[in-house]
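Below is one structure, written out as structure tokens; comments come after it.
The values are calculated or read from the model by the stated rules, or taken from the named source; none is laboratory data. All values reported here derive from a predicted model rather than from experimental measurement. Using ideal geometry, Cβ is built from the backbone for each residue, glycine included, and neighbour counts are taken over all protein chains shown.
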Amino acid sequence: MAYQGVSDFRSDTVTRPTRSMYEAMMTAPLGDDSLGDDPTVSKLEQMAADLLGKEAAMLCISGTMANQVAIRTHCRPGQEVILEESNHILNYEMGSAAFAMVQTRPIVGTNGVMEPCELERRLRSADGHSPGTGLICLENTHNAAGGVILPRDIVLELSGIARRAGIPIHLDGARIFNAQAASGIPARELAAPADSVMFCLSKGLGCPLGSLLCGSRDFIDKARSFRQVMGGGMRQAGIIAACGIVALEENIERLSEDHKRARRLGEGLSRIPAIEIDISRVETNMVYFGLKDGCTATLEDIVENARHRDVLMAQATKLSIRMVCHKDIDDNDVGKAIHVIQEFLKHAENGRTLSLQIEL
């Protein structure tokens, strides 16, 4: 059961560190990471590089920082970054690409996927009027598309276009290990088409914070200076890295359990008459759903009523709610969530007011 009796489906970032993480923090050998001599950070970075099939890696405080450092490292000021219109970098990082001094050029996609022909059409060379395309960004799994996995054949086609044009690819792989667990394709193969890749320790893997940026040794050496510019220089960061090592050793294999629970949650919600859900898009640990036309309740009503019953979820858009399964969600939490939503919508359809429903 989730922490303190609350079933928290808002994100897979709400998890608490495991006992082994606390123990690792207390016993980790430490140094000064800004001086490059924290042995626990170095161990984590090497583990990350090996898992993603890259030469080197660098610990950052967050995925947003890692993504923006990657953009700064790949691009010259003013260049364009091409990404799918619902990409996390474009929509959920507070416009931080502006601080990287680049322009974003979004492409309308389907379920988070750009059409290769559309990418090829949008590429621009630098000339007297255009800064040129400096980077292509992909996201796998794709959050806003429902946690779906980018089709490997399309990723390879996109990467072929980028290679022929001499343009690097950065992969926002915040949940790349969820993609690995669901597809059976090792993370290093999923990351292979990209020149750089970021993944989060705090999304699904149970860490309190931290993300890794991986790439060639030259790329990471250059990226360290940009991390410093962004205030990312750390001292005894081994206490963070220690949790990350535990996460990579203990929490990757269990991600498939989250996927099974998300599927069960999605299937349960699909049986509620008022719920609109595409169960085929529940590929990993996320469930997005909306309400059918004519439903008298609102998504805000569902979120608020559930909160009063210790079930937390987040409204993702005006038309959808997102629920995410993680290590602190068990089968009882899933059953409870389905029941709470089902009972609320049943009473709402019978014309009961929200205040009465909360008191039931």
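Just give me the residues in the range 97-121 being charged (D, E, K, R) and in contact with a strand residue (DSSP E or B) (Cβ under 6 Å, 6 or more places away or on another chain), in sequence order.
105, 118
Pull out all pairs, ordered by first then second residue, where Cβ-Cβ is under 9 Å, the residues are six or more apart or on different chains, the first lies in the range 136-160 and is assigned by TED's automatic domain parsing to the domain that holds residue 197 and free of Cβ contacts under 8 Å to residues at least 12 places away in the same chain, and the second is surrounded by fewer than 22 Cβ atoms within 10 Å (Cβ to Cβ) and among the aromatic types (Phe, Trp, Tyr).
Hits for this filter: zero, empty list.
Take residue 89 and decide whether it is closer than 22 Å to residue 314 by Cβ, buried (at least 23 other Cβ atoms within 10 Å of the Cβ) and either among the acidic types (Asp, Glu) or assigned by TED's automatic domain parsing to the domain that holds residue 201 (or both).
Yes: the conditions hold for residue 89.
Within the range 19-50, which residues are polar (S, T, N, Q) and within 21 Å of the chain's Cα centre (by Cα)?
none
Just to check your reading of the model, which residue among 266, 290 is assigned to a strand (DSSP E or B), touching a strand residue (DSSP E or B) at 6+ places or on another chain (Cβ under 8 Å) and modelled with pLDDT of 95 or more?
Of the residues listed, the single one that is assigned to a strand (DSSP E or B), touching a strand residue (DSSP E or B) at 6+ places or on another chain (Cβ under 8 Å) and modelled with pLDDT of 95 or more is 290.
Looking only at the range 203-230, count every residue that is of a type in the set (Ser, Thr, Tyr) and either under 28 Å from residue 24 (Cα atoms) or under 14 Å from the mean Cα position of the chain (by Cα) (or both) and tell me the total.
Residues in the range 203-230 being of a type in the set (Ser, Thr, Tyr) and either under 28 Å from residue 24 (Cα atoms) or under 14 Å from the mean Cα position of the chain (by Cα) (or both): 1 in total.
Under the condition of being farther than 30 Å from residue 16 by Cβ and of a type in the set (Gly, Ala, Ser), which residue from the range 150-201 is surrounded by the most Cβ atoms within 10 Å (Cβ to Cβ)?
The selected residue is 196.
If you take the residues in the range 253-281 that are hydroxyl-bearing (Ser, Thr, Tyr) and free of Cβ contacts under 8 Å to residues at least 60 places away in the same chain, which one is farthest from residue 313 (Cα to Cα)?
Result: 280.
Looking at the range 293-315, which of its residues are part of a loop (DSSP other than H, G, I, E, B) and farther than 22 Å from residue 279 by Cβ?
Within the range 293-315, 296, 298, 309, 310 meet the criteria.
Residue pairs, Cβ under 8 Å, 6 or more apart or interchain, first in the range 37-55 and under 12 Å from residue 242 (Cα atoms), second among the charged types (D, E, K, R) and surrounded by 14 or more Cβ atoms within 10 Å (Cβ to Cβ). List them.
Qualifying pairs under 8 Å: 38/32; 41/33.
Could you please find all residues in the range 93-145 being within 27 Å of residue 177 (Cα to Cα) and loosely packed, with under 14 Cβ neighbours inside 10 Å?
94, 95, 108, 110
If I filter the range 176-190 for residues that are on the phi < 0 side of the Ramachandran plot, in a loop (DSSP other than H, G, I, E, B), of a type in the set (Gly, Ala, Ser) and in contact (Cβ under 8 Å) with a residue 24 or more places away in the chain, do I get at least one hit?
no
Using the structure shown, decide if residue 72 is closer than 22 Å to residue 229 by Cα, among the charged types (D, E, K, R) and in contact with a Phe, Trp or Tyr (Cβ under 6 Å, 6 or more places away or on another chain).
yes
Identify all residues within the range 14-39 that are in contact with an Asp or Glu (Cβ under 7 Å, 6 or more places away or on another chain) and closer than 29 Å to residue 225 by Cα; write none if there are none.
Result: 30, 31, 32, 38.
Which of the residues belonging to the range 10-29 are closer than 13 Å to residue 243 by Cα, in a loop (DSSP other than H, G, I, E, B) and either free of Cβ contacts under 8 Å to residues at least 60 places away in the same chain or not basic (Lys, Arg) (or both)?
Matches in the range 10-29: 15, 17, 18, 28, 29.
Does the range 27-38 include one or more residues that are surrounded by 23 or more Cβ atoms within 10 Å (Cβ to Cβ), assigned by TED's automatic domain parsing to the domain that holds residue 170 and within 20 Å of residue 176 (Cβ to Cβ)?
Looking through the range 27-38, none of the residues is surrounded by 23 or more Cβ atoms within 10 Å (Cβ to Cβ), assigned by TED's automatic domain parsing to the domain that holds residue 170 and within 20 Å of residue 176 (Cβ to Cβ).
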